[in-house]
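So the structure is just underneath, and the comments pick up after that.
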Amino acid sequence: MLKKLALLLLLAVPVLADEGMWMPQQMPHLADSLQKLGFKIDPARFSDLTGDPLGAVVLIPGCTASFVSPDGLIVTNHHCAFGSIQHNSTPQRDLITNGFLAKTREEELPAAPGTKVWVTTNIEDVTKRMTENIDARTPDAGRARTLDRREKELVAECEKPGGLRCSVSSFFEGSQYLRTTRMELTDVRLVYAPAEAIGNFGGDIDNFEWPRHVGDFSFYRAYQNGKPYKPAHWLKLATSGVNEGDPVMVIGYPGRTFRYKTADEVRNYQEFVYPVNIRYFSEALKMMEDAGKNDKDAKIKNASRIESFANSLKNYQSVSEGFAKDHIFEARVAREEQMNTTMRSRNTTLDDIAAANHEKLRTRERDLILDWLPRAQMVGQAFNIARVATERPKKDIDRLARYQEREWPSLLQSSVRAQRTLELHSDRAILGTFLNEAAKLPADQRIKPIDDAVAAAASVNALLDRLYGSTKVASQEERAKMLNESTAQLRARNDAMVDFALSLLPLLNAREERDMAWSGAMIRLRPRYFELLRNMSGNAPIYPDANSTLRITFGRIAGYRPKDATWYTPQTTLRGVVEKEKGEEPFASPKTLLDAAKDPNSMVGHQDPDLKDVPVNFLSTCDTTGGNSGSPTLNANGELVGLLFDGNYESIDADFLFHEADTRSIHVDTQYMLWIMDAVDHADHLMKELGVR
């Protein structure tokens, strides 16, 4: 097995292509490609996790970030820090609208509870320890339990010294397992965030669109033992900007891609997953927006959820369109026909995968409703309370991974963080929507605890009255107590919301058992499927699907043609910000920005000589996805020239199928960041810390 895996890595032979989210250990094999693109930095440096520049790149919840000073200053996207901006905002001190700048270290604000910085220090192959001595005759559920237990043991062993966060991830469709060790920094503070009208200029209208004109950046600082953390490496800002054709590289933690899904799996995404989620996101988003129309407190509480839901909705809409536009299902069918041709006979692996998926998808409508119920935050918090209580009596290794003891502090922090985002009016409306959806389920997918609860209350509205009127889950103090109580203690409370969550647990447990059998089948089948793909690909590069582990992607600054007779150039400028200005959201820049834009002196030192203006955003051909937000963009010398924050609308379905002609990543130019810091917010002390003043 290990010899085969070594061969997989070696098959990543150098080619001049932009597709690929490459593992650090694969980079030396891509040296020729990097050289042809024009990179001057030694490719070997990109396989050194603790060296420069990889040692400066860090993981934060949901995003990527990077150290940019010897005193623990961290840069990431504005939308990645939005939860912390919102957490520190009130109607009286609206940091979302007005932005925030700490002029001294003492003025820096605590980030939202649960905000952490993880610095990757080691990646090791644990394939043998995960897969050895598993009998081929072991039932699928037993196989999944064995691997689950081994993963927990490997994580516990790794984290034993303390101060570390470890994980075991599957690569190449379960053909390889790597254990990642990360140092965990828990004291994180908000340093600087521009006004939302800069950090989210254009709002949802411009989201995933080009041209863009947004200053999507913010700064945190990491502390250790009460003092600024001293990273071994930090990125240096480039002294000049980028131009069309320049090579760039993105280092980050892409979330998930689906490029190795089968045709049968793609059909389920196209016919069910995306259309239904689009409807659910649309309805929930409208409820939250309506709640804030005449209530500023509700608007602030729902701000981060609205941004997240709107982003997800547009993502789902784009991918849904892409299924038809780019013929993704048909491409999968063609690939699988080619696989059978290569094998010179029909292989049963695809049929076996389809059969396992068919069994799992029998209850897909019910399961999706169960997945959406916790998006009503009161239910989500109640689920966590009920789950911790039922899992606590077990040995830690036998608990569900997300409810092991290592997760208890995070669950408490999530509970604390929820208090600033808990808006009961829209929360009730969202839950009501899914209670009504449950009533539409076919007979063989009914959710009996919901049916019984609605029947006992006589109507959905009456049930909602009881759930929200006879509970203390809305109290942060009470939630903290409940997270430490037994199931018997919780039942003795007669708390309607907690009792509702407890009533659903048997169904969720049964689902866990079914999912365990499906997972075991995939563990058995997916490596065989990937072997077929590898045989078919010959000597073509092979990279694994994204799975939130450190990846490197490279390309060039380049425009694209979105439709006939239209060509998008790859850079936007400050002039475009002013041209979009309408004086009302989402195109309402702060007066300080508009005044500075009129002053030619403000642009001195920030103006691009070719553009004759301050560059704002740029496009690259780098292959990225969600989770890459905040990823540093480096030039040929390994210097920071931008932050990735988005992809263009045409490329979002690249999670399923990469298409080189119009797949583009969108970055905020560091020159625009510095102009905002200099001319608009006067963050002179931070510019000095960054080494540019």
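The values are calculated or read from the model by the stated rules, or taken from the named source; none is laboratory data. Keep in mind that this is a model prediction, so the values were computed, not measured. In this analysis, Cβ positions are derived from the backbone assuming ideal geometry, glycine residues included, and neighbour counts consider all displayed protein chains.
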- Message: For segment 21-43, which positions are more than 14 Å from residue 636 (Cα to Cα) and of a type in the set (A, V, I, L, M, F, W, C)?
- Response: 21, 22, 23, 27, 30
- Could you tell me whether residue 373 is crowded, with 16+ Cβ neighbours inside 10 Å, part of a helix (DSSP H, G or I) and within 25 Å of the chain's Cα centre (by Cα)? yes
- Query: Residue check: is residue 483 modelled with pLDDT of 95 or more, out of contact with any Leu (no Cβ under 9 Å at 6 or more places or on another chain) and buried (at least 16 other Cβ atoms within 10 Å of the Cβ)?
  - Reply: no
- Message: Given the criteria within 26 Å of residue 567 (Cα to Cα), in a helix (DSSP H, G or I) and either touching a residue at least 60 places away in the same chain (Cβ under 8 Å) or out of contact with any Cys (no Cβ under 7 Å at 6 or more places or on another chain) (or both), does residue 650 qualify?
- Response: yes
- Go through (1) crowded, with 20+ Cβ neighbours inside 10 Å; (2) at pLDDT 95 or above one by one and return the number of the condition residue 361 breaks. (1)
- Residue satisfying all of: in segment 584-631; within 32 Å of the chain's Cα centre (by Cα) and small (Gly, Ala, Ser); nearest to residue 555 (Cα to Cα) among these: 620
- If we keep just the residues of segment 33-47 that are touching a residue at least 24 places away in the same chain (Cβ under 8 Å) and part of a loop (DSSP other than H, G, I, E, B), which is surrounded by the fewest Cβ atoms within 10 Å (Cβ to Cβ)? 40
- Determine which single condition residue 614 fails, assuming it passes every other condition in (1) touching a Leu at 6+ places or on another chain (Cβ under 9 Å); (2) within 26 Å of residue 31 (Cα to Cα). (2)
- Could you list, in sequence order, the residues of segment 458-485 that are within 28 Å of residue 439 (Cβ to Cβ) and part of a loop (DSSP other than H, G, I, E, B)? 458, 459, 470, 471, 472, 473, 474
- Query: Can you find a residue in segment 258-281 that is free of Cβ contacts under 8 Å to residues at least 60 places away in the same chain and under 30 Å from residue 91 (Cα atoms)?
  - Reply: yes
- Note on the structure: Within segment 48-61, residues among the aliphatic types (A, V, I, L, M) and in a helix (DSSP H, G or I) come out as 54, 56
- Query: Just for segment 151-176: of the residues that are within 22 Å of the chain's Cα centre (by Cα) and of a type in the set (Ser, Thr, Tyr), which one is farthest from residue 530 (Cα to Cα)?
  - Reply: 167
- Whichever residue in segment 563-580 is of a type outside the set (Phe, Trp, Tyr) and in contact with a strand residue (DSSP E or B) (Cβ under 6 Å, 6 or more places away or on another chain) and, among such residues, is farthest from residue 615 (Cα to Cα): 580
- Within segment 166-195, work out how many residues are in contact with a helix residue (DSSP H, G or I) (Cβ under 7 Å, 6 or more places away or on another chain) and of a type in the set (Lys, Arg). 1
- Query: Do you know which residues across segment 296-309 are touching a residue at least 40 places away in the same chain (Cβ under 8 Å) and farther than 14 Å from residue 375 by Cβ?
  - Reply: 296, 297, 298, 300, 301, 303, 307
- Has segment 493-502 got at least one residue that is acidic (Asp, Glu), part of a helix (DSSP H, G or I) and not assigned by TED's automatic domain parsing to the domain that holds residue 138? yes
- Within segment 376-405, tally of residues that are crowded, with 17+ Cβ neighbours inside 10 Å and either modelled with pLDDT under 95 or basic (Lys, Arg) (or both): 3
- Picking from 420, 392, the residue that is more than 23 Å from the chain's Cα centre (by Cα), assigned by TED's automatic domain parsing to the domain that holds residue 479 and of a type in the set (Lys, Arg) would be 392
- Item | Which numbered condition residue 64 fails, given (1) of a type outside the set (A, V, I, L, M); (2) at pLDDT 95 or above; (3) part of a helix (DSSP H, G or I) | (3)
- Residue count, segment 238-293, condition under 23 Å from residue 61 (Cβ atoms) and among the charged types (D, E, K, R), comes to 1
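Within segment 287-298, does at least one residue satisfy the condition of being more than 30 Å from residue 420 (Cβ to Cβ) and surrounded by fewer than 18 Cβ atoms within 10 Å (Cβ to Cβ)?
Scanning segment 287-298 turns up no residue that is more than 30 Å from residue 420 (Cβ to Cβ) and surrounded by fewer than 18 Cβ atoms within 10 Å (Cβ to Cβ).
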